[in-house]
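The values are calculated or read from the model by the stated rules, or taken from the named source; none is laboratory data. Here the structure is a predicted model, which means the values were calculated and not measured. Virtual Cβ from ideal backbone geometry, glycine too; neighbours counted across all protein chains shown. For accessibility, only protein heavy atoms count, side chains too; no ligands or nucleic acids. Shrake-Rupley method; radii C 1.70, N 1.55, O 1.52, S 1.80 Å.
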Amino acid sequence: FYATMRALVGLPLGKPEARRVSLGDQDLVLAPVPDATVRMLAVFQVGQGRYALPVRALLEAVSGEGLVSTPERRGAALGLLQVRVNGEAPLVPVLCARRLFGMAQSARAGDGVVLVLRDPARPSRPVLGLRVDDVLTMLDVADAQVHAVPESFLQLSPRVDGLLDVQVSDRHGSAKVLLQSLDPQELLARTGGN
């Protein structure tokens, strides 16, 4: 007795991922400002938001492989990560950017890059890790392109020290979005790193 298959039905199992668009597929464009002093920002994604940190505050970006959870995971703390730099491998605390920014949804399975912040007093020493969803690009930004943060916005997000309007474009067109520049000193202060 042989049966013939007439239909195949596929059902998704598990909770679907909330984010359907990869922000890494979009180009960020910031109009150049002639004869201006620029600083380089590392732009990264957390959920649907785009954030930036000054490149001078970062040591490197690494995978979260080897992250060890600590017994007292409170707030945004994820655990400790060993970072190899200059022949040494100190353990640094790692914060979850999603928790830090108050996002309820956890990261997708394939998400997760740890930005390693440097100690301002000893620039070759790693002091803190910030797990973000993805690193998107680097942007040269003139001081004139960074807008002051309104007081009402600071009450919602005290870590932000500047706002930028950037143009994003992809195969569907282009739009203007807000990029939030973070204060690395405030992040370091959260762990007593500075």
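Might you let me know whether region 109-132 holds any residue that is in contact with a helix residue (DSSP H, G or I) (Cβ under 7 Å, 6 or more places away or on another chain) and modelled with pLDDT under 90? No, that holds for no residue.
Whenever a residue of region 45-67 is closer than 18 Å to Val166 by Cα, its partners that are surrounded by 17 or more Cβ atoms within 10 Å (Cβ to Cβ) and of a type in the set (Ser, Thr, Tyr), lying with C-beta atoms within less than 7 angstrom and at least six residues away or across chains, give the pairs Ala52/Ser181. All conditions in (1) in a loop (DSSP other than H, G, I, E, B); (2) within 17 Å of Leu187 (Cβ to Cβ); (3) in contact with a strand residue (DSSP E or B) (Cβ under 7 Å, 6 or more places away or on another chain) hold for Ser124, with the sole exception of (2). For region 150-194, filtered to residues that are assigned to a loop (DSSP other than H, G, I, E, B) and either touching a Ser or Thr at 6+ places or on another chain (Cβ under 8 Å) or closer than 20 Å to Val55 by Cβ (or both), the residue that is modelled with the highest pLDDT is Asp183.
Scanning region 71-82 for residues that are assigned to a loop (DSSP other than H, G, I, E, B) and surrounded by 13 or more Cβ atoms within 10 Å (Cβ to Cβ) yields a total of 1.
Screening region 83-97 for residues that are touching a residue at least 40 places away in the same chain (Cβ under 8 Å) and open to solvent by 20 Å² or more (accessible area, probe 1.4 Å) and picking the one that is nearest to the chain's Cα centre (by Cα) gives Pro93.
When Ala142 is tested against (1) open to solvent by 20 Å² or more (accessible area, probe 1.4 Å); (2) more than 19 Å from the chain's Cα centre (by Cα); (3) more than 19 Å from Leu95 (Cα to Cα), just one condition goes unmet, and that condition is (1). Looking across region 41-63, just one residue is over 13 Å from the mean Cα position of the chain (by Cα) and either open to solvent by less than 20 Å² (accessible area, probe 1.4 Å) or at pLDDT below 90 (or both), and that is Ala57. Scanning region 106-130 for residues that are open to solvent by 40 Å² or more (accessible area, probe 1.4 Å) and either under 25 Å from Leu41 (Cβ atoms) or in contact with a His (Cβ under 8 Å, 6 or more places away or on another chain) (or both) turns up Arg108, Gly110, Arg118, Pro120, Ala121, Arg122, Pro123, Ser124, Arg125.
So, in region 131-149, exactly how many residues are part of a strand (DSSP E or B) and touching a residue at least 60 places away in the same chain (Cβ under 8 Å)?
Total meeting the criteria: 11.
Residue check: Val68 meets all listed conditions (1) closer than 19 Å to Gly49 by Cα; (2) open to solvent by 40 Å² or more (accessible area, probe 1.4 Å); (3) among the hydrophobic types (A, V, I, L, M, F, W, C) but one, namely (1). For region 83-120, the candidate set comprises residues that are among the aliphatic types (A, V, I, L, M) and part of a loop (DSSP other than H, G, I, E, B); within that set, the residue that is nearest to Val55 (Cα to Cα) is Val83.
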